[in-house]
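Enquirer: To start, I am sharing the structure in question, which I have written as structure tokens.
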Amino acid sequence: MQDFTERPCWFEGRFVPLKEANVNIRTHALQYGTACFGGMRAYFNSEKNNLYLIRLEDHHARLRASSRILQMQWSMPFEEFRQITIELLRRGNWRENCYLRPIIYKSELSLSPRLHNVTDSFAMYAIPLDDYLDTRRGLRAMISSWVRLSDNQIPARAKATGGYINSALAKSEAMQSGFDEAIFLDVRGMVCEGSAENIFIVRDGKLITPGTASSILEGITRRTVLTMARDLGIETIERDISRTELYAADEVFFTGTGAQIAWVESIDHRPIGNGSIGPITEKLQKTFFAYVRGELPQYQHWLTPVY
Ligand code: PMP
């Protein structure tokens, strides 16, 4: 396979090989973390010989909301965003599962940690990606000693690069302590999300996840899973979850564009349920993987075929 860094990315208003898309060390976003980004996936279906982008319009809308929070000028209409994304994949002849990273970054070479009146630029690149977290086995998670940033500190909703220091602290603490993933509590001590995933629990057959005012990223996979669960006749509830409710849950899983649907086997050394994948998680995971490969007509409207 051709080195993917030789394939085109979108940078400074045109397509250039990814390995040539470099920024100056003085770039505002590099100095102060003043960028916001998206994480999108495209899945390859070899039988249909097509690549499917997942919920492109929702990713565009979230990126736009993030850019507003960070006082950016970005006003790219969805149609242009769609064309650039498709063109990027076609020019690179992508025919494998991949992850796309659109990013708006304060590109000015200036010296003040502010948001207003700083020029921003848009770029997008793709990398090959299968599993980000292992979805075939159960994950061992821990409650992080790091507290999730609150909406009045660095809003998780903005998907700002600077905010990911919070995620990195928690992820490294978890992995260096022998766990796979971290679970954040918010400033109130309520369950929030993983380092780069939303979290769901199942209790008494009901699917529960923290609400969007709980310092979480408004996950697009989270929304997908809530819809799929309702379509499967599972009751869904968005509400606060306390720490020990996790330990008492029948099932726990993470969702995310990278994470997909990844089930949790234990939290803080306490096995969840009976230690294997739970029936509701399994059902949702199966539905999810069929949908992203373009096999479910009822969710076809969430997919953008590339070829
Ligand atoms: N929370 C955080 C902190 C994340 O970084 C991500 C990944 N984008 C998610 C949740 C999941 O969001 P989505 O389903 O839109 O990928």
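The values are calculated or read from the model by the stated rules, or taken from the named source; none is laboratory data. Note that this is a predicted model, so its numbers are computed, not measured. Positions of Cβ are generated from backbone atoms using ideal geometry, with glycine treated the same way; all protein chains shown enter the neighbour counts. The protein model used for the area step is the full one, side chains on, heavy atoms only, and it has no ligands, DNA or RNA in it. Shrake-Rupley method; radii C 1.70, N 1.55, O 1.52, S 1.80 Å.
Enquirer: Restricting the search to segment 112-130, which residues are open to solvent by less than 60 Å² (accessible area, probe 1.4 Å), within 20 Å of residue 256 (Cα to Cα) and assigned to a loop (DSSP other than H, G, I, E, B)?
Expert: 129
Enquirer: On to the next question. Please verify whether segment 263-275 includes one or more residues that are more than 15 Å from residue 180 (Cβ to Cβ) and among the aromatic types (Phe, Trp, Tyr).
Expert: The answer is no, given that none of the residues of segment 263-275 is more than 15 Å from residue 180 (Cβ to Cβ) and among the aromatic types (Phe, Trp, Tyr).
Enquirer: Only one of 194, 178, 219 is modelled with pLDDT of 95 or more, open to solvent by 30 Å² or more (accessible area, probe 1.4 Å) and not acidic (Asp, Glu). Can you tell me which?
Expert: 178
Enquirer: Evaluate the following for residue 138: is it away from the ligand (no atom under 14 Å from the Cβ), in contact with a strand residue (DSSP E or B) (Cβ under 6 Å, 6 or more places away or on another chain) and small (Gly, Ala, Ser)?
Expert: Against the criterion (away from the ligand (no atom under 14 Å from the Cβ), in contact with a strand residue (DSSP E or B) (Cβ under 6 Å, 6 or more places away or on another chain) and small (Gly, Ala, Ser)), residue 138 qualifies.
Enquirer: Continuing with the same structure: Do any residues in segment 222-237 that are within 19 Å of residue 262 (Cα to Cα) and open to solvent by 10 Å² or more (accessible area, probe 1.4 Å) have Cβ atoms under 9 Å from those of residues that are away from the ligand (no atom under 13 Å from the Cβ) and of a type in the set (Gly, Ala, Ser), where the two are at least six apart or on different chains, and which pairs are they?
Expert: Taking only residues 6 or more apart or on different chains, the pairs are 234/205; 236/229.
Enquirer: Further question on the same structure: Taking the conditions exactly as written (touching a helix residue (DSSP H, G or I) at 6+ places or on another chain (Cβ under 6 Å), crowded, with 17+ Cβ neighbours inside 10 Å and at pLDDT 95 or above), does residue 265 satisfy them or not?
Expert: no
Enquirer: Can residue 145 be described as farther than 30 Å from residue 10 by Cβ, open to solvent by 30 Å² or more (accessible area, probe 1.4 Å) and not in a strand (DSSP E or B)?
Expert: Here the answer is yes, as residue 145 does meet what is asked.
Enquirer: Pick from segment 154-174 the residues that are open to solvent by less than 20 Å² (accessible area, probe 1.4 Å) and polar (S, T, N, Q): which of them is farthest from the ligand (Cβ to nearest atom)?
Expert: Filtering segment 154-174 for residues that are open to solvent by less than 20 Å² (accessible area, probe 1.4 Å) and polar (S, T, N, Q), the one farthest from the ligand (Cβ to nearest atom) comes out as 166.
Enquirer: May I pose another question? Looking at segment 85-108, can you tell me whether even one residue there is among the aromatic types (Phe, Trp, Tyr), touching a helix residue (DSSP H, G or I) at 6+ places or on another chain (Cβ under 9 Å), open to solvent by less than 10 Å² (accessible area, probe 1.4 Å) and not in a strand (DSSP E or B)?
Expert: yes
Enquirer: Looking at the structure I just gave you, is residue 304 over 26 Å from residue 180 (Cα atoms) and open to solvent by 10 Å² or more (accessible area, probe 1.4 Å)?
Expert: Considered against the rule, which asks whether it is over 26 Å from residue 180 (Cα atoms) and open to solvent by 10 Å² or more (accessible area, probe 1.4 Å), residue 304 comes out as yes.
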